[in-house]
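Participant: Pasting in a structure now, in structure tokens, and then I'll have a few things to ask.
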Amino acid sequence: MSSYKNAKKSQQKTHRERSQPASRSHLGILEKKKDYKLRAQDYQSKQSTLKALKRKALDKNPDEFYFKMVRTQLKDGVHQCETQEPVYTDDQLKLMQSQDIRYVSYKRSTEQKKIEKLKSTLHLLDAEDKPKNKHTFFVDSKKEARAFDVAKHLNTHPSLLSRTYNRPTLDTLKKWNIQEDVDDNTLQELANERKKKYKELGKRIEREKELHIIAQKMEVKRNLMDKKARKKKIQDETKTAPAVYKWLPQRKR
């Protein structure tokens, strides 16, 4: 069936587009329907815009006032806003930026001192994020492995086996004068206090890192205020790092 239609089309009359008559050749190419549609749509959109503007002008309140009427002026048929002079000079902005950087640097140095003070008191011996070490003992037979006593081998008390630091021997414990009135509640309070200190140390380390990133970003922004220096952006700014720029060499007199 399709072959019959194709054969029938081959016998149809070829319709050619009408050309511009010779007497009207000075008017250019003859306008086709698709050209007329584009021209008509453009004309109708412009008429709609003019109609809307006329309606807006008729509905406008004659007593209306806003400050743009004073701060703008008409030049060559175009409204132009008056450019306000900058409140601060470039030197003043650089000085303000440097003061902010000094404040951030001061807070960072304060945090570093507090971190060092906490580290000196805690020693990070029983921190939670510290990797767990293993202590392997070797014996000669499986029988010795089953009967192996770690406390006896280390010569310490069984309650001190879980500690990787400050594990005194039995002889040392006998020499010390240990108070017997230390109850479990007191030990738990001391453990909670130590845990709280470690948590505070972790937060201060994170705050010091954030202040360091902020100081770097502010330093980059202050360097970018120099409009004369030629620079090229290498890497975009992220949450954990400032933008990276490469300053081109500048010849000085």
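Participant: How would E219, E17 rank on accessible area, largest to smallest, probe 1.4 Å?
Facilitator: Highest to lowest solvent-accessible surface, that is E17, E219.
Participant: Tabulate in residue order the Karplus-calculated ³J(HN,Hα) for region 17-32, using 6.51 cos²θ - 1.76 cosθ + 1.60 with θ = phi - 60°, rounded to whole Hz; enter x for Gly and Pro.
Facilitator: Using θ = phi - 60°, the values come out as 6, 6, 9, 6, x, 4, 6, 10, 5, 6, 8, x, 5, 5, 6, 8 Hz.
Participant: Please calculate the 1.4 Å probe accessible area of K54, with all protein chains present, and give it to the nearest 10 Å².
Facilitator: We get 140 Å² for K54.
Participant: Name the residue from Q216, A191, L201 whose Cα lies farthest towards the positive end of the charge dipole of region 187-253, charges +1 on Cβ of Lys and Arg and -1 on Cβ of Asp and Glu.
Facilitator: My answer, from the dipole projection, is Q216.
Participant: I want to check the label-to-label distance for K119 and D63. Put each point 7 Å from Cα in the C-beta direction and report it in nm to one decimal.
Facilitator: Calculated label separation equals 7.3 nm.
Participant: Using a 1.4 Å probe, how large is the accessible area of H135, given in Å² and rounded to the nearest 10?
Facilitator: 130 Å²
Participant: While we're looking at this one, here's another question. Convert each backbone phi in region 240-250 into a coupling constant with the Karplus relation 6.51 cos²θ - 1.76 cosθ + 1.60 (shift: θ = phi - 60°), then list the ³J(HN,Hα) values in order as whole Hz, x for Gly and Pro.
Facilitator: 10, 7, x, 5, 9, 10, 10, 7, 6, x, 10
Participant: Let me ask another. Output ³J(HN,Hα) for region 232-238: one whole-Hz value per residue in order, computed from phi by the Karplus curve 6.51 cos²θ - 1.76 cosθ + 1.60 with θ = phi - 60°, and x for Gly and Pro.
Facilitator: 9, 7, 9, 9, 6, 6, 10
Participant: Which value, in Å² rounded to 10, gives the accessible area of Y245 with a 1.4 Å probe and all protein chains present?
Facilitator: So the heavy atoms of Y245 present about 60 Å² to solvent.
Participant: How do I115, I29, I205 stack up against each other in accessible area, from largest to smallest, with a 1.4 angstrom probe?
Facilitator: I29, I205, I115
Participant: Could you please put L58, L201 in sequence from largest to smallest accessible area, using a 1.4 Å probe?
Facilitator: Reading off the accessible areas and sorting them downward yields L58, L201.
The values are calculated or read from the model by the stated rules, or taken from the named source; none is laboratory data. Predicted model only: the values in this text are computed from it and were never measured. Positions of Cβ are backbone-derived with ideal geometry, glycine not excepted, and every protein chain shown enters the neighbour counts. Areas reflect the complete protein model, heavy atoms only, side chains present, ligands, DNA and RNA absent. Shrake-Rupley method; radii C 1.70, N 1.55, O 1.52, S 1.80 Å.
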